[in-house]
1. Take the residues in the stretch 346-375 that are part of a loop (DSSP other than H, G, I, E, B) and touching a Gly at 6+ places or on another chain (Cβ under 6 Å), then tell me which one is most open to solvent (accessible area, probe 1.4 Å).
2. Can you say whether Ser342 is among the small types (Gly, Ala, Ser), at pLDDT below 95 and closer than 21 Å to Ala325 by Cβ, as far as the supplied structure shows?
3. Identify all residues within the stretch 125-162 that are touching a helix residue (DSSP H, G or I) at 6+ places or on another chain (Cβ under 7 Å) and in a strand (DSSP E or B); write none if there are none.
4. Being surrounded by fewer than 14 Cβ atoms within 10 Å (Cβ to Cβ) and charged (D, E, K, R) is the filter here; which residues of the stretch 279-307 pass it?
5. Does Glu268 satisfy being open to solvent by 40 Å² or more (accessible area, probe 1.4 Å), under 18 Å from Leu376 (Cα atoms), in a helix (DSSP H, G or I) and at pLDDT 95 or above?
6. Against the condition buried (at least 17 other Cβ atoms within 10 Å of the Cβ) and either among the aliphatic types (A, V, I, L, M) or touching a residue at least 12 places away in the same chain (Cβ under 8 Å) (or both), how does Ser224 come out, does it pass?
7. Could you check how many residues of the stretch 376-395 are surrounded by fewer than 14 Cβ atoms within 10 Å (Cβ to Cβ) and aliphatic (A, V, I, L, M)?
8. Out of the helices (runs of 4 or more DSSP H) lying entirely within the stretch 1-118, which hold 3 or more residues that are surrounded by fewer than 16 Cβ atoms within 10 Å (Cβ to Cβ) and polar (S, T, N, Q)?
Amino acid sequence: MADSGNVNGKMGINTRLAHTGNKPFDYFGFVNPPVVHASTVLFPNAQTMETRAQKYTYGTRGTPTTDALCDAINELEGAAGTILVPSGLAAVTVPFLAYLSSGDHALIVDSVYFPTRHFCDTMLKRLGVTVEYYDPMIGAAIESLIRPNTRLVHTEAPGSNTFEMQDIRAIADVAHRHGCIVTMDNTWATPVYFKPLDHGVDVSIHAATKYPSGHSDVLFGTVSANAAHWPALTEAMVTLGICVSPDDSYQILRGLRTMGVRLERHQESALSLATWLEGRDEVARVLHPALPSFPGHDLWKRDFTGASGIFSFVLRAESPDRFKAKAHAFLDALSLFGLGYSWGGFESLALHVGLSDRKVALAPTEGPVLRLQIGLEDVADIRRDIEAGLAAANAV
């Protein structure tokens, strides 16, 4: 058996997921890399210690376990380098701290993950960075918002909770003409269905807590950069003392092996249920980019090769004062779905989306927004559970 450490990039995604980041004959032929627990690393002599002239120098700067995962992510992303961080939020905040300084201006998409907005409105503001939120549908017109001190444009497609699509290439082209760095939270699609760096993004961000983990038991983030922006990213990680455990790194690497086949099931089930929900009288709108009715569908079809298992729908309500009661009735009637904030695991989850933080991309007015993470259960069982929720909401 040949060493599978360098998998041909022309091979299918499931082949690459199964073999990338894996060099069995570096470890006596064992299929999986060892879990190396380390803080102290010894040097053979004083000269080597002084110059750090060996591959590993201290546990915070990498081990064979973390390197195996970084190699895998680099191959999937087409990146010059990847850092590993302890959560999806850290995957956003570390690059912001790497690239932004006091006096800089940052453009953040208004459909952004709420904890990212909170970080921007608190810590970045305290550090002297001006943040402005923009319409996710702005495309090349983002040029009108760029100032002389604009340093970074942050994108997220589809957007959190309401799934707005963005013209990533158009935004990146404009941003680069003005010397801005472009970052993207690509957690929804993963590199299986969208590769940000191939579309002009400089830094690709993932909450690996979601699909790479796949089992709702690991908190993790990855950040991958192109060659121009890799040095500053890795320097920020070292300076901030950010590191991850080898056990969690191993779990994410193991999750990658099945991520492709899991995503296929998530996608198929979610799209089936989203299409079904579009025909329900209780539903005002379904917010899923892979639906032809969705406003950003053409962008999704042009740029993405698939869809994951999370989407939202707007539950029809007579007036705003009924929104919460109907949403809670729906959620409380569910028995198969769990009520939880995360997604990307094997189990179906639901929540009532809060959108009061929006500045530009305002909340739907027809009713409350309910987000569904469609797990790996049988579609017929999931549908029955949703029907129970809709019946309960109707009764309110």
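The values are calculated or read from the model by the stated rules, or taken from the named source; none is laboratory data. It should be emphasised that the depicted structure is a prediction, and the values quoted were computed from it without experimental measurement. Here the Cβ positions follow ideal geometry from the backbone for every residue, glycine too, while neighbour counts run over all protein chains shown. Heads up: the accessible areas ignore ligands, DNA and RNA and are worked out on the full protein's heavy atoms, side chains in. Shrake-Rupley method; radii C 1.70, N 1.55, O 1.52, S 1.80 Å.
1. Among residues in the stretch 346-375 that are part of a loop (DSSP other than H, G, I, E, B) and touching a Gly at 6+ places or on another chain (Cβ under 6 Å), the one most open to solvent (accessible area, probe 1.4 Å) is Phe346.
2. no
3. Val131, Glu132, Tyr134, Arg151, Leu152, Val153, Thr155
4. Selection gives Asp281, Asp298, Lys301, Arg302.
5. Criteria met by Glu268.
6. Criteria met by Ser224.
7. 3
8. 46-51
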